[in-house]
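Undergrad: Sharing a structure with you now.
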Amino acid sequence: MMKPKLTNFADFIEKPKPVIPKTKYQVQQEINWYLNISIFLVIVIGLYFLYQRYKFKEYHEQLTQQKIKQFDEYLNEFYIDDMINQSKNNNTM
């Protein structure tokens, strides 16, 4: 029969890795890197929106002209109907 051996459990615990503090220069470089990436992304997104605006410029102009024409036709019909109603009211008096 085997006898149990005493074990040292400290051997199984992982020793913490030494923390190497970063210098101010390294921290500044890391911040600059992230700042450059974020500014680049903002510029790319802005250029994308400008491209979309340019691409659909004619479509939006045509849509606006169509809405203006519809509004003008509506106003003309309203004024014509109003004039007809006024003339009817004037004739009946």
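The values are calculated or read from the model by the stated rules, or taken from the named source; none is laboratory data. What you see is a predicted model, and the numbers here were worked out from it, not measured in a lab. All Cβ positions, even for glycine, are placed from backbone atoms using ideal geometry, and neighbour counts span all protein chains on display.
Undergrad: Looking at region 1-37, which of its residues are charged (D, E, K, R) and loosely packed, with under 10 Cβ neighbours inside 10 Å?
TA: Once the filter is applied, which keeps residues that are charged (D, E, K, R) and loosely packed, with under 10 Cβ neighbours inside 10 Å, region 1-37 yields Lys3, Lys5, Asp11, Glu14, Lys15, Lys17, Lys24.
Undergrad: Between a first residue in region 10-32 that is free of Cβ contacts under 8 Å to residues at least 60 places away in the same chain and a second residue that is surrounded by 10 or more Cβ atoms within 10 Å (Cβ to Cβ) and in a helix (DSSP H, G or I), which pairs have beta carbons less than 9 Å apart while being 6 or more apart in sequence or on different chains?
TA: Lys22/Glu30
Undergrad: Also, I was wondering about something else. Based on what the data block shows, is Asn36 at pLDDT 85 or above and not small (Gly, Ala, Ser)?
TA: It is true that Asn36 is at pLDDT 85 or above and not small (Gly, Ala, Ser).
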